[in-house]
Amino acid sequence: MTVITAGTEGEAEGTTVNSFTSVSLDPSLVLFCLHKESRMHAVIGRHGTFAVNFLAGGQQELARAFAARRPEGFHGVPHHFAPDGPPVLSEALAYLTCSTVAVHSGG
């Protein structure tokens, strides 16, 4: 399970994605899909960076929390900000911080 997070202290957003894949190892590229009208799409567009948080199989509750709209943002969810900017879920198994290389419209 994967949760994408982005933003700053006052504008942190997160969403569970059901489509995530590694595209290339050299250069390192990942791909995931977002609705182009979503808040997350807008936040990543403004900041250009995001984190990919990898969850364990037993963390379904955390994945479900970010699958729904969260008007309260990260309130009540342990997190910190990575040195290069985006918010990171403290309970994630691992995370990657990434920069946007390209955005492709589809659908």
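Computed from the coordinates by the stated procedures, all read-outs in this text should not be read as laboratory data. Computed from a predicted structure; not experimentally measured. We place every Cβ from the backbone using ideal geometry, glycine too, and count neighbours over all the protein chains shown.
Per-structure values
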| quantity | calculated |
| --- | --- |
| Amide H contacts under 5 Å for Ala56, placed H, 5+ residues apart | Leu93 |
| Over the chain: helical MRE at 222 nm, DSSP H runs n ≥ 4 each giving -39500 (n - 2.57), nearest 500 | -4500 deg cm²/dmol |
| Per DSSP, loop trypsin sites (Lys or Arg not before Pro) in segment 1-61 with at most 16 further Cβ within 10 Å | Lys36 |
| Residue of Ser90, Ser24, Ser38 that the Gaussian network model of the chain assigns the largest fluctuation, springs spanning Cα pairs under 10 Å | Ser24 |
| In Hz, Karplus ³J(HN,Hα) per residue of segment 87-104 (6.51, -1.76, 1.60; θ = phi - 60°; x = Gly, Pro) | x, 10, 6, 4, 8, 5, 4, 7, 8, 10, 9, 9, 10, 5, 9, 7, 10, 10 |
| Residue of Gly85, Gly14, Gly57 that the Gaussian network model of the chain assigns the largest fluctuation, springs spanning Cα pairs under 10 Å | Gly57 |
| Potential lengthening between Leu34 and His104 on full extension [0.36 nm per residue; Cα-Cα distance subtracted] | 24.2 nm |
| Whole-Hz ³J(HN,Hα) from phi, Karplus 6.51 cos²θ - 1.76 cosθ + 1.60, for segment 19-34, glycine and proline x | 10, 9, 8, 7, 9, 7, 8, 9, x, 5, 9, 10, 9, 8, 10, 10 |
| Dipole in debye (nearest 20) - segment 2-99, about Cα centre, beta carbon charges: Lys, Arg +1; Asp, Glu -1 | 260 debye |
| Under 5 Å, built H, 5+ apart or other chain: amide partners of Ala12 | none |
| Length-normalised contact order of the chain in % [C-alpha pairs under 8 Å, at least 6 apart] | 33 percent |
| Listed residues Asn53, Phe74, Thr16: farthest to the positive end of the dipole of segment 8-88 (Cβ charges) | Thr16 |
